[in-house]
Amino acid sequence: DAELEKRLHDWQRLTTSSYMLDSIREGYESKRQPETLKEASHYLEQLTDGHYKRIWTRLVGEELLVDNNESETITVDKLSRGTREAVYLSLRLALVTVYARRGAVIPLVFDDILVNFDAKRMRTAAKLLMDFSKQGYQLLMFTCHDHVRDVFHALEADVRVLPHHRDVVENGAIPIRYQVTIPVKPAAPVPVPVALPAIETRSRIDLVPEQHDSELEYELSAVLSDQKEQFRLRHEAVYVERSTGHDLELARATDYWSNRSTRHTA
């Protein structure tokens with residue numbers, strides 16, 4: 001029994017010591033984190049709309065950890081690609097901020113760091129970068145994506161279009177300020193009147209007096225009558241009398257065909 005009592009006393013002593021050491025370690029990890037990680041946590045919270053709260057490392061080891069708004073600790077390699085890039089962006093901004101406090105203001109150069117952000121997070125990151133630059137920091141952002149360019153242009157950033165390297169070497173081209181071009185709607189085509197083909201109103205068979213044939217003359221008169229009726233229906237205005245319902249032909253057409261008939265049959 002004495003040996004058991006001694007073992008129990010040793011276990012209680014070691015457990016209490018371990019608990020106290022864990023409490024001291026956790027307090028150090030939460031309150032004595034490097035200044036850069038504290039600053040980075042502030043930027044990450046803005047970039048993720050409060051979903052992730054803290055970036056930190058353990059007292060032993062160099063593994064980077066992130067706490068979310070549900071107090072869950074997640075290793076960086078378990079985060080989505082967009083969130084990982086938000087963590088790295090936060091660390092870079094924090095590092096520049098800490099250096100500036102020590103008197104060394106350094107520029108930041110980014111190359112398409114927002115392409116893996118969703119639309120909402122990209123606008124949030126662009127606004128954060130704009131606010132960061134207004135504090136006196138110089139930022140250069142390069143992108144080949146129009147939607148990224150448009151987001152910064154909407155925030156009134158100084159957007160420039162870089163010329164092709166061949167134009168720089170051969171012509172000394174320089175970056176020009178980006179301007180939105182409003183597409184001009186093409187004017188509606190003006191309808192062009194199409195002339196209807198002329199209708200031949202006269203018979204193409206001429207009578208020869210020396211070869212007069214009564215049957216042929218009858219057939220030609222029937223053809224001429226059909227042509228006259230066709231011309232009347234196509235080109236002559238026809239009025240219907242309300243009381244009788246009979247067609248009243250224009251005298252102009254009657255006189256015209258009388259003269260034509262006299263000329264063809266002469």
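Residues in segment 79-117 that are in contact with a strand residue (DSSP E or B) (Cβ under 9 Å, 6 or more places away or on another chain) and open to solvent by 70 Å² or more (accessible area, probe 1.4 Å): Arg92, Pro107, Val109, Asp111. Report whether or not Ser71 is over 19 Å from Asp150 (Cα atoms), surrounded by 16 or more Cβ atoms within 10 Å (Cβ to Cβ) and among the hydroxyl-bearing types (Ser, Thr, Tyr). When the stated conditions are applied, Ser71 does not pass them. In segment 2-53, of all residues being at pLDDT 80 or above, among the hydroxyl-bearing types (Ser, Thr, Tyr) and in contact with a Leu (Cβ under 9 Å, 6 or more places away or on another chain), the one that is surrounded by the fewest Cβ atoms within 10 Å (Cβ to Cβ) corresponds to Thr36. Phe152 fulfils the conditions (1) open to solvent by less than 70 Å² (accessible area, probe 1.4 Å); (2) at pLDDT 90 or above; (3) more than 16 Å from Phe142 (Cα to Cα) except for a single criterion, (3). Where residues in segment 122-142 are touching a strand residue (DSSP E or B) at 6+ places or on another chain (Cβ under 8 Å) and assigned to a loop (DSSP other than H, G, I, E, B), which of them is most open to solvent (accessible area, probe 1.4 Å)? So, considering only residues that are touching a strand residue (DSSP E or B) at 6+ places or on another chain (Cβ under 8 Å) and assigned to a loop (DSSP other than H, G, I, E, B), the one most open to solvent (accessible area, probe 1.4 Å) is Gln138.
Ala104 meets all of the listed conditions (1) within 21 Å of Gln46 (Cα to Cα); (2) free of Cβ contacts under 8 Å to residues at least 24 places away in the same chain but one, namely (1).
The values are calculated or read from the model by the stated rules, or taken from the named source; none is laboratory data. Since this is a predicted model, take the numbers as computed values, not measurements. Ideal geometry is used to build each Cβ from the backbone, glycine not excepted, and the neighbour counts take in all protein chains shown. Side chains included, ligands, DNA and RNA excluded: accessible areas come from the protein's heavy atoms. Shrake-Rupley method; radii C 1.70, N 1.55, O 1.52, S 1.80 Å.
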